[in-house]
1. Using θ = phi - 60° and the Karplus curve 6.51 cos²θ - 1.76 cosθ + 1.60, what whole-Hz ³J(HN,Hα) does each residue of segment 36-50 get, with Gly and Pro shown as x?
2. Taking the mean number of other Cβ atoms within 10 Å as a proxy for protection, how do you rank 45-51, 19-25, 3-9 from highest to lowest?
3. State, to one decimal in nm, how far the label point of His148 lies from the label point of Asp160, with both points 7 Å from Cα in the Cβ direction.
4. So how much accessible area does His156 have, in Å² to the nearest 10, using a 1.4 Å probe?
5. Highest first, please rank the peptides 86-95, 143-152 by the mean number of other Cβ atoms sitting within 10 Å of their residues.
6. Give me the accessible area per residue for segment 1-72, probe 1.4 Å, as a whole number in Å².
7. Apply the Karplus parameterisation 6.51 cos²θ - 1.76 cosθ + 1.60, with θ equal to phi minus 60°, to every residue of segment 75-89 and state each ³J(HN,Hα) to the nearest whole Hz, in sequence, with x for glycine and proline.
8. Starting from the amide H of Gly57, placed 1.01 Å from N in the peptide plane, find each other amide H under 5 Å away whose residue is 5 or more places distant or on another chain.
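The values are calculated or read from the model by the stated rules, or taken from the named source; none is laboratory data. The structure presented is a predicted model; accordingly, all values stated were derived computationally and were not measured. Cβ placement follows ideal geometry from the backbone for every residue including glycine, while neighbour counts extend to all protein chains displayed. Heavy atoms of the whole protein, side chains included, go into the accessibility calculation; ligands, DNA and RNA do not. Shrake-Rupley method; radii C 1.70, N 1.55, O 1.52, S 1.80 Å.
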Amino acid sequence: MLMTREGSVEHLAKHDLSCLRLGTFCAEPVNEAVHRFAIQHLTPNYINSYWATEHGGIVWSRCHGNQDQLLQADARTWPLPWIAGDVRDAPFGEQGEVLIRQSYPYMALTVWQSDGFGTPGWRGDMQRWGAYFEAGAGYLQGDAAVKHADGSYSFHGRSDEAI
């Protein structure tokens with residue numbers, strides 16, 4: 001919206017945005033022009049974070065200040081350290097189906113049971129949880145992304161043409 005509004009750059013320049021230290025797009029496909037605008041005119045730390053209700057929290061993002069995860073204006077993002085993220089059946093640089101290969105404790109909290117939470121063997125209701133995973137692959141949500149050789153990802157929207 002800001003980008004398309006006439007005079008938006010001038011309007012933003014009238015305000016002190018130095019207190020805005022971090023911004024994020026949340027699970028939205030963002031083109032390079034929009035990301036570049038956000039980095040140039042809002043905050044240089046504008047990142048893309050990927051999550052959905054089923055995840056129970058952010059699963060792809062950028063660890064703030066991590067110099068190994070260079071921000072680029074193509075909405076790159078990285079799986080958080082405890083997320084076994086991937087793109088199924090696509091080589092580096094090609095779009096494929098977003099995949100999470102293993103479950104993790106805060107995913108789909110309504111699926112996990114609280115009985116035994118905090119004990120060493122706690123894994124939630126695995127019988128029920130297993131229905132969310134495709135056999136031999138992992139969790140597929142119906143989203144598309146490109147995996148880059150540096151371990152980052154760019155999300156490109158739905159892969160199942162959902163409206």
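1. 4, 4, 4, 5, 6, 10, 10, 7, x, 9, 9, 10, 10, 10, 10
2. The packing order, highest mean first, is 45-51, 19-25, 3-9.
3. 2.8 nm
4. Roll a 1.4 Å probe over it and His156 shows about 90 Å².
5. 143-152, 86-95
6. On a per-residue basis, segment 1-72 sits at 64 Å².
7. Couplings: 6, 5, 8, 10, x, 5, x, 8, 9, 8, x, 6, 10, 7, 6 Hz.
8. Amide H neighbours of Gly57: Ala52.
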